Amino acid sequence: MKLYNTLTKKVEVFESNEPGKVKMYTCGPTVYHYAHIGNIRTYIFEDVLEKTLKYIGFDVQRVMNITDVGHMTDDSDDGEDKILKAAKRDNMTVTDIASFYTKEFIKDIDKLNINKPKIISRATDNIDQYIKIIEVLLNKGYAYEANDNIYFDVSKYDDYYKLSGLNKDELLVGVRDEVDEDTFKHNPSDFGLWFTNSKFDHQKLKWDSPWGEGYPGWHIECSGICIKYFGEDLDIHCGGVDNIFPHHTNEIAQSECYLGHKWCNYWIHSGHLNDKNGKMSKSNGEFLTLNSLIKRGYNPLSYRLLCLQSHYRNNLVFSYEAMDNAQNTYNKLINKIYELNKSKEDLNETVIDEYIIKFKDSIENDMNTANVITYLFDLLKDDRLNDSSKLYLIGEYDKVLSLDLVKKKKNINPKLEEKIKKLVKERETLKREKKYEEADRIREELLNLGVKINDTKEGTEIVWI
Ligand SMILES: [Zn+2]
């Protein structure tokens, strides 16, 4: 298996510390809002990586954190706590905000067939672990106390710039605009490990510590949780490119200084999700979530397919036109597969081997999922394969793609889907004309077809039951 490693800036052959086993850590969401589809792209790529490693025979152990405290509105730990800000926005308690958006996150990844990591750990459940690490960093002289907060001193760690490949001045460009510099830091890149005295002193969640009542910084949470579950070494750490600096850079610094040796061998990052104007963010345009795509009539798996059609490291340009194309491609695929004869025939072993080799070559080559999609269409029209062989191959490919290509339960007949869309439109017209009784009859009919509908501000939401 070859993977591009951000640490070495090279495509490398992957070797785990322990033969046959992989320890994989993936940064989880900060649960202050629904997940943005840009972040969801990262979770899809991590899922493909996990499934690829499993497919080629590794036993993958995966841990993910849930950030429910300490992630500031600015990644370099100035600004206000995101959860606290959201609690004010939605008029809920911080605990309710975190638990609500955690549940929504789990629902999203479920709709996208993303494996839920066995261990998902909340930042607020591991406070003792962060305190333990910070105490060691203070004792070793890598951290200092200033203005009642504890900071990591980046000047004490020579390899601070190794992940980003940027120098001291380059790192500071662009990360601090619009932010008041924290004047208590010894170096501008120093980052907070523990805050007891923040300018946002209305922080709701606080814990006792040797330095007073306070809360951890965002970066220490991932190091703490990762070391707690995996011990002193780690094979793979993933995230989006946005995480390279400061988050992963800081994770490496504090973990390696705490442990006294190299920590993680492979750092794997996915590219941005852009729109035509550049990076997608809340500030330019609507905040796109999976539910907003569903409400526009897209199947979540069409979004998964859109992501799989481009290389995970490339920037992907999002548009509704691209989503329409992905949805059409997805429906076309399902349609073709639906028409395959399900009765058992002898498998065409030699041709099957050919397609399995192509499949493995692609996924093992830094996860070239776009090639796999091409092979899917190729094999569907390959006359050397009978329908049983085609179904077998599609089943194998889908172990990594997870597009429900052969899973009967969710494999919806496109003709039925068309019928449902027509009924939903009819019902909307009837409602506009205030013919509620007839509209309700259609609702019943839809229920009989396995579809529940919810009326929302944005339109009709279709839920398969
Ligand atoms: Zn993290």
Here, GluC sites (Glu not before Pro) of the range 199-246 satisfying both criteria (DSSP loop; at most 14 other Cβ within 10 Å) are GLU213, GLU232
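How do TYR320, TYR142, TYR43 line up, fewest other C-beta atoms within 10 Å first?
On the way: TYR320 11, TYR142 22, TYR43 25.
The order, fewest Cβ neighbours first, is TYR320, TYR142, TYR43.
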Expressed as an acute angle from 0 to 90° and rounded to the nearest 10, what is the orientation of the C-alpha long axis of helix 387-401 relative to the principal long axis of the chain?
20 degrees
Between LYS118 and ASP158, what is the label-point separation in nm under the 7 Å Cα-to-beta-carbon projection?
3.9 nm
Counting only helical runs of four or more DSSP H residues, what would the 222 nm mean residue ellipticity of the chain come to if each run contributes -39,500 (n - 2.57) and the total is spread over all its residues?
-13500 deg cm²/dmol
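Highest mean first, what order results for 147-155, 115-123 on Cβ atoms within 10 Å?
Details: 147-155: 20.2, 115-123: 17.6.
The peptides rank, most packed first, as 147-155, 115-123.
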Quick one: compute a quarter of the convex hull surface over the Cα atoms of the range 34-98 and quote it in nm².
5.7 nm²
Return one quarter of the surface area of the convex hull spanned by the alpha-carbon atoms of the range 2-270, equal to its mean projected area, in nm².
13.5 nm²
Cβ-Cβ FRET estimate between THR374 and HIS186, R0 fixed at 35 Å, reported to 0.05
0.05
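So for HIS33, HIS248, fewest C-beta neighbours within 10 Å to most, what's the order? Don't skip to the answer; put the middle values down first.
Values: HIS33 20, HIS248 26.
Least crowded to most crowded, the residues run HIS33, HIS248.
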As an exercise, use a Förster radius of 30 Å and the Cβ-Cβ distance of ARG89 and ASN315 to find the FRET efficiency, rounded to the nearest 0.05.
0.50
Sticking with the crude label model, points 7 Å out along Cα→Cβ, report the distance from SER343 to ILE357 in nm, one decimal please.
3.3 nm
Which angle from 0 to 90°, rounded to the nearest 10, does the C-alpha axis of helix 94-111 make with the longest principal axis of the chain?
40 degrees
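Pulled fully out, how much extra length does the chain show between LYS103 and HIS261, if you take 0.36 nm times their separation in residues and subtract their Cα-Cα distance?
Numbers: separation 158, 0.36 × 158 = 56.88 nm, distance 3.68 nm.
Full extension from LYS103 to HIS261 adds 53.2 nm.
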Contact order relative to length of the range 2-270, as percent, for alpha carbon pairs under 8 angstrom and 6 or more apart
26 percent
Rounded to 10°, Cα long-axis angle of helix 414-432 versus longest principal axis of the chain:
80 degrees
GluC sites (Glu not before Pro) within the range 365-454: which are DSSP loop residues with at most 16 other Cβ atoms inside 10 Å?
GLU433
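At most 12 other Cβ atoms within 10 Å and a DSSP loop assignment: could you name the GluC sites (Glu not before Pro) in the range 1-96 that fit?
For GluC sites (Glu not before Pro) across the range 1-96 that sit outside H, G, I, E and B with at most 12 neighbouring Cβ atoms in 10 Å, the list reads GLU15.
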Built amide H within the under 5 Å cut-off of GLU80, gap 5+
THR73, ASP74
Percent antiparallel among DSSP beta bridges with both residues in the chain, to the nearest 5?
50 percent
Could you please state, rounded to a whole Å, how far the C-alpha centre of the range 107-160 is from the C-alpha centre of the range 247-304?
18 Å
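Can you give the extra length, in nm with one decimal, that the chain gains between PHE287 and VAL136 once fully stretched, where that is 0.36 nm per residue apart less the Cα-Cα distance? Mind showing how you got there, number by number?
On the way: separation 151, 0.36 × 151 = 54.36 nm, distance 4.08 nm.
Stretched out fully, the PHE287 to VAL136 stretch lengthens by 50.3 nm.
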Using the Kirkwood formula on alpha carbons, the hydrodynamic radius of the range 326-413 in angstrom works out to 13.2 Å
Taking only the alpha-carbon atoms of the range 414-464, what semi-axes of the equivalent ellipsoid follow from 5 times the gyration tensor eigenvalues under a square root, in whole Å, largest first?
17, 12, 10
Spelling it out for ASP275: with amide H atoms placed in the peptide plane at 1.01 Å from N, the residues 5 or more places away or on another chain with amide H under 5 Å from its amide H are MET280, PHE318
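Which whole-number percent gives the relative contact order of the chain, counting Cα pairs below 8 Å spaced six or more residues apart?
Numbers: 688 pairs, mean separation 77.4, N = 465.
Worked out over the chain, it gives 17 percent.
Return the ratio Rg/(2.2 N^0.38 Å) for the range 193-289, where Rg is computed over Cα atoms only.
Numbers: Rg = 16.9 Å, N = 97, 2.2 N^0.38 = 12.5 Å.
Relative to the 2.2 N^0.38 Å estimate, the range 193-289 comes out at 1.35.
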The range 287-298 - phi-based ³J(HN,Hα) in whole Hz, Karplus 6.51/-1.76/1.60, Gly and Pro as x:
8, 8, 10, 4, 5, 5, 6, 4, 5, 7, x, 8
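Semi-axes of the equivalent ellipsoid for the chain, please: Cα gyration tensor eigenvalues, times 5, square-rooted, ordered largest first, whole Å.
On the way: eigenvalues 364, 173, 63 Å².
So the three semi-axes of the chain are 43, 29, 18 Å.
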Placed amide H near SER121: partners under 5 Å, 5+ positions off or other chain
MET64, ASN65, ILE66
Sequence-separation-based contact order of the range 363-465, relative, with Cα cut under 8 Å and 6+ spacing, percent:
11 percent
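A short reminder: the numbers here are calculations on the coordinates, not readings from a lab. The structure presented is a predicted model; accordingly, all values stated were derived computationally and were not measured. Using ideal geometry, Cβ is built from the backbone for each residue, glycine included, and neighbour counts are taken over all protein chains shown.
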